[in-house]
Amino acid sequence: MSRTYALECNQKIGKKVQLWGWINTVRDHGKITFYDLRDLTGIVQTVSRNKHKITEEDVVSIKGIVKKRPDRLINPLLKTGKVEVEIESIQIISKANTLPFPIDTDGLEIDESLRLKYRYLDLRRERLKNNLRLRQQMLSFMRQFLTESGFIEIETPILTKATPEGARDFLVPSRLQKGKFYALPQSPQQYKQLLMVAGFEKYFQIARCFRDEDPRSDRAYGEFTQLDVEMSYVTQDDILELTERLFKELTEKIFKKKVLKYPFPRITHKEAIKKYGSDKFDMRIKKDPNVLSFAFVVDFPLFEKTKNQPISPSHHPFTAPKDDYVHLLESDPMKVLSWQHDLVCNGLEVGGGSIRIIDAEIQKKVFKILGYSSREIETKFGHLLKSFGWGVPPHGGIAPGIERIMMAATGEENTREVTAFPMASSGQTSVMDAPSAIDDGSLKELKLKTI
Ligand code: ASP
């Protein structure tokens, strides 16, 4: 007998069906017992006059007849609330132990390390299921939107050379070339620029980025995903227009919400700081959950002073200075404005990008200002500078962060709530115990010693 899903019972009144799934709840009413069965499509009530040794979360297969419920027993809260399945036989496929925590709540009341240790059980809860389904719909919408706009999706390497985005790199030792290391990409920044040199003109990738930096609620430790986009022969306006079209449609079609203002307001970095005291601001007067308030911030300074560095890129070192300021690069670098653009939404920075430097001399100057020696420039970025020698189109792009957009869309307050298997802020992975020690044999093979 072929499988019937819970939701399909609505169309099968009077028919014999076979259901497969988990026992969501057991309610013993004396003469009869209700077993709510849960599968991918939802929940359906099943009922039996016999007692079965069945407990919640057991995996079962039930054969029975779909019956219409009498009017007074209809459950309007359930999509299958007008029917129930009268059990003819029930088979336990797999018994479930008592769960370490409840899964019928939103889960936020439970100790997070316990939730992450048993993430596969935590993910059985409705809220997380809905978050991950929405995430998939969003990614699929982005893919379709960009593909229809003539973009090509290209995967770039994970084992690679460092690309600075302001964080520490994760390093991977090489076995074949002893004493040498790969870095995991902080973003595909250099590869996407090389793809512009290669002539693809319109690129995107749903890209995993790896950054060893201190976690915050809106920034996952370790890894995150971004919609990485790059285009050739464009101005900043072209990039912003494409971005706002994509996000307006995404908000309306997938999130079923409204954007506060369209076209998205554009505000200079200076104005943002003056008006909101921050370059990540919320323009909503009251925090209406059905409205996403997107805006662009432009005219950032090219460089900034940080806690550890007297001068560092405000974005990354590949961002182009505005033409009128190029002459100030060496004499007064902190005054130089750039072609950086940030996308903010409901107080979160959801993406950043820029028009890039394509003049190898200006790029070298920027690296020098940032304190790189000529030798370092050559070993770290020689490949990119060299590529500019064979005809490089003007190009630029943007990379909205998937988890942050999800936070804005769902109102979740932490990136972990929109990620299937997130890392704890300590850097511990969920379920699998990493990082973990490696055995002596592997160390020997890599010619590494731990101290
Ligand atoms: N690579 C940049 C980032 O990860 C985005 C961009 O400049 O397109 O922030």
Hey, which of the strands (runs of 3 or more DSSP E) in region 1-105, taking only ones fully inside, have at least 1 residues that are out of contact with any strand residue (DSSP E or B) (no Cβ under 9 Å at 6 or more places or on another chain) and within 22 Å of Leu121 (Cβ to Cβ)? 42-48
Could we say that Lys305 is without any contact (Cβ under 8 Å) to a residue 60 or more places away in the chain, more than 16 Å from the ligand (Cβ to nearest atom) and under 23 Å from Gln205 (Cα atoms) here? no
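For region 310-422, list the strands (runs of 3 or more DSSP E) that sit wholly inside it and hold at least 3 residues that are within 16 Å of the ligand (Cβ to nearest atom) and aliphatic (A, V, I, L, M); which are they? Walk me through how you get there before you give the answer.
Numbers: elements: 340-345, 348-355, 395-400.
The strands (runs of 3 or more DSSP E) meeting that bar are 348-355.
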Taking the stated definitions as given, is Lys322 over 22 Å from Pro265 (Cα atoms) and not β-branched (Val, Ile, Thr)? no
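Here's the yes/no breakdown for (1) in contact (Cβ under 8 Å) with a residue 12 or more places away in the chain; (2) surrounded by fewer than 17 Cβ atoms within 10 Å (Cβ to Cβ); (3) within 16 Å of the ligand (Cβ to nearest atom); (4) of a type in the set (Ser, Thr, Tyr):
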residue	(1), (2), (3), (4)
Gln226	yes, no, yes, no
Val229	yes, no, yes, no
Gln236	yes, no, yes, no
Ile239	yes, no, yes, no
Thr243	yes, no, yes, yes
Ile273	no, yes, no, no
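With respect to Phe224, is the statement that it is within 22 Å of Asn130 (Cβ to Cβ), of a type in the set (Phe, Trp, Tyr) and not in a helix (DSSP H, G or I) true? Break it down stepwise before answering.
On the way: within 22 Å of Asn130 (Cβ to Cβ): yes; of a type in the set (Phe, Trp, Tyr): yes; not in a helix (DSSP H, G or I): yes.
Against the criterion (within 22 Å of Asn130 (Cβ to Cβ), of a type in the set (Phe, Trp, Tyr) and not in a helix (DSSP H, G or I)), Phe224 qualifies.
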What's the number of the condition Phe247 fails, among (1) within 15 Å of the ligand (Cβ to nearest atom); (2) touching a helix residue (DSSP H, G or I) at 6+ places or on another chain (Cβ under 9 Å)? (1)
Would you check if Ser293 is small (Gly, Ala, Ser), surrounded by 14 or more Cβ atoms within 10 Å (Cβ to Cβ) and within 16 Å of the ligand (Cβ to nearest atom)? no
Residue in region 257-270 that is within 16 Å of the ligand (Cβ to nearest atom) and among the hydrophobic types (A, V, I, L, M, F, W, C) present: no
By residue number, the members of region 423-446 that are β-branched (Val, Ile, Thr) and assigned to a loop (DSSP other than H, G, I, E, B) are Val431, Ile438
Among the residues of region 113-170, write down those that are of a type in the set (Gly, Ala, Ser) and crowded, with 17+ Cβ neighbours inside 10 Å. Ala162
Can you list residue pairs whose Cβ atoms sit under 7 Å apart, with the first residue in region 428-451 being in contact (Cβ under 8 Å) with a residue 12 or more places away in the chain and the second being in a loop (DSSP other than H, G, I, E, B) and loosely packed, with under 10 Cβ neighbours inside 10 Å? Count only pairs 6 or more apart in sequence or on different chains. Lys447/Gly179
Collect the residues in region 156-194 that are more than 27 Å from Thr306 (Cα to Cα), touching a strand residue (DSSP E or B) at 6+ places or on another chain (Cβ under 6 Å) and assigned to a loop (DSSP other than H, G, I, E, B), keeping them in residue-number order. Leu159
Just the residues that are charged (D, E, K, R) and either free of Cβ contacts under 8 Å to residues at least 24 places away in the same chain or assigned to a loop (DSSP other than H, G, I, E, B) (or both), please, taken from region 116-126. Asp122, Arg124, Arg125, Glu126
Within region 155-198, take every residue that is more than 21 Å from Leu370 (Cβ to Cβ) and of a type in the set (D, E, K, R) and give me the one that is farthest from the ligand (Cβ to nearest atom). Lys178
Need the failing condition index for Glu109 against (1) in a loop (DSSP other than H, G, I, E, B); (2) in contact (Cβ under 8 Å) with a residue 24 or more places away in the chain, just the number. (2)
So, Tyr5, is that one of a type in the set (Ser, Thr, Tyr), within 26 Å of Leu99 (Cβ to Cβ) and surrounded by fewer than 18 Cβ atoms within 10 Å (Cβ to Cβ) or not? yes
Would a scan of region 128-147 turn up a residue that is in contact with a Phe, Trp or Tyr (Cβ under 9 Å, 6 or more places away or on another chain) and in a loop (DSSP other than H, G, I, E, B)? no
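Quick note: the coordinates plus some simple rules give every number you see, no bench work behind them. These numbers were taken from a predicted model, which means no experiment stands behind them. Methodologically, a virtual Cβ is constructed for each residue, glycine included, from the backbone with ideal geometry; neighbour enumeration extends over all protein chains shown.
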